[in-house]
Amino acid sequence: ETGVTQTPRHLVMGMTNKKSLKCEQHLGHNAMYWYKQSAKKPLELMFVYSLEERVENNSVPSRFSPECPNSSHLFLHLHTLQPEDSALYLCASSQFVQGVGEQFFGPGTRLTVL
Amino acid sequence: SQQGEEDPQALSIQEGENATMNCSYKTSINNLQWYRQNSGRGLVHLILIRSNEREKHSGRLRVTLDTSKKSSSLLITASRAADTASYFCATASNDYKLSFGAGTTVTVRA
């Protein structure tokens, strides 16, 4: 888990709160990803950043706002979430060279929206 | 959108037995990857097989790829209790996306 770290590991928030998830990678990779994992559903790709530029936004509601200030850090800012947004949020990084290679995942943030 | 689909959804085996799971996908790929996830944790990369490869081994893992049938299989030999986890296949094309299936839940009984 030391390659990709995520904080916090658990988060409980009300629908009117604003919070942020943080991801840090120590692997020198050039691409970072946010995924949402809900029970009994495949991983859903939310955002992709390559060299700090967003290259993919998978029709994610605007209440999720990503930020990538540098190639090692990725944030997911949350505001006015809904109970159905409760899920495990996973960050990953990889070295993108003519296609996606091995992705390294963080341990995830378990989010509960009340 | 979901690209890979694993089969079966769940598998229960005795320690020491082999476990086989399959993955089918719809469009052309650059590579196919298998990941393991222990309950509520992050995914761990197991093996990557490129579209021009047919078989790959890593320890007790054997992966095959048949691009004509758009399918792959993951074999875990001599299973152990620690192999209990969910296993996901993921397909990569030439963009930034890695498309995951819904996974196979493997339970290894002692």
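Considering only residues that are within 7 Å of another protein chain (Cβ to nearest Cβ) and part of a loop (DSSP other than H, G, I, E, B), which ones fall in the stretch A:42-64?
Across the stretch A:42-64, the qualifying residues are A:Pro42, A:Leu43.
Among strands (runs of 3 or more DSSP E) lying entirely in the stretch B:25-110, which contain 1 or more residues that are away from chain A (no Cβ under 14 Å) and touching a residue at least 24 places away in the same chain (Cβ under 8 Å)?
The qualifying strands (runs of 3 or more DSSP E) are B:61-66, B:71-76, B:104-109.
Test A:Leu78 against the criterion of being within 11 Å of another protein chain (Cβ to nearest Cβ), touching a strand residue (DSSP E or B) at 6+ places or on another chain (Cβ under 8 Å) and among the hydrophobic types (A, V, I, L, M, F, W, C), and give yes or no. Before the answer, list the steps.
Details: within 11 Å of another protein chain (Cβ to nearest Cβ): no; touching a strand residue (DSSP E or B) at 6+ places or on another chain (Cβ under 8 Å): yes; among the hydrophobic types (A, V, I, L, M, F, W, C): yes.
For A:Leu78, the condition - within 11 Å of another protein chain (Cβ to nearest Cβ), touching a strand residue (DSSP E or B) at 6+ places or on another chain (Cβ under 8 Å) and among the hydrophobic types (A, V, I, L, M, F, W, C) - is not met.
Please verify whether A:Tyr33 is more than 22 Å from B:Gln37 (Cβ to Cβ), within 13 Å of chain B (Cβ to nearest Cβ), in a strand (DSSP E or B) and at pLDDT 90 or above, treating the condition exactly as stated.
no
Using the structure shown, decide if A:Cys68 is buried (at least 17 other Cβ atoms within 10 Å of the Cβ), assigned to a strand (DSSP E or B) and modelled with pLDDT of 95 or more.
So A:Cys68 does not fit the description; no.
Among the numbered criteria (1) within 11 Å of chain B (Cβ to nearest Cβ); (2) surrounded by 15 or more Cβ atoms within 10 Å (Cβ to Cβ); (3) in a loop (DSSP other than H, G, I, E, B), which one does A:Ala92 miss?
Single failed check for A:Ala92: (3).
Being at pLDDT below 95 and closer than 24 Å to B:Gln14 by Cα narrows it down to one of B:Ala110, B:Ala85, so name that one.
The conditions single out B:Ala110.
Do the conditions hold for B:Leu46, that is, is it within 10 Å of the chain's Cα centre (by Cα), at pLDDT 95 or above and surrounded by 15 or more Cβ atoms within 10 Å (Cβ to Cβ)? Walk me through how you get there before you give the answer.
Numbers: within 10 Å of the chain's Cα centre (by Cα): yes; at pLDDT 95 or above: yes; surrounded by 15 or more Cβ atoms within 10 Å (Cβ to Cβ): yes.
So B:Leu46 passes the test.
Within the stretch A:56-67, is even one residue closer than 27 Å to A:Thr112 by Cα and in contact with a Cys (Cβ under 8 Å, 6 or more places away or on another chain)?
Within the stretch A:56-67, none of the residues are closer than 27 Å to A:Thr112 by Cα and in contact with a Cys (Cβ under 8 Å, 6 or more places away or on another chain).
Tell me which of these A:Leu21 doesn't satisfy, since it passes every other one: (1) surrounded by fewer than 16 Cβ atoms within 10 Å (Cβ to Cβ); (2) part of a strand (DSSP E or B).
Exception for A:Leu21: condition (1).
Kindly list the number of the only condition in (1) closer than 27 Å to B:Asn30 by Cα; (2) touching a residue at least 12 places away in the same chain (Cβ under 8 Å); (3) assigned to a loop (DSSP other than H, G, I, E, B) that fails for A:Leu81.
The single condition A:Leu81 does not satisfy is (1).
Conditions (1) polar (S, T, N, Q); (2) at positive phi, marked per residue:
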{"site": "A:Leu11", "(1), (2)": "no, no"}
{"site": "A:Ala31", "(1), (2)": "no, no"}
{"site": "A:Pro42", "(1), (2)": "no, no"}
{"site": "A:Leu51", "(1), (2)": "no, yes"}
{"site": "A:Ser59", "(1), (2)": "yes, yes"}
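The values are calculated or read from the model by the stated rules, or taken from the named source; none is laboratory data. Small disclaimer: the values here were computed from a predicted structure and weren't measured. Cβ: placed from backbone, ideal geometry, glycine included. Neighbour counts: every protein chain shown.
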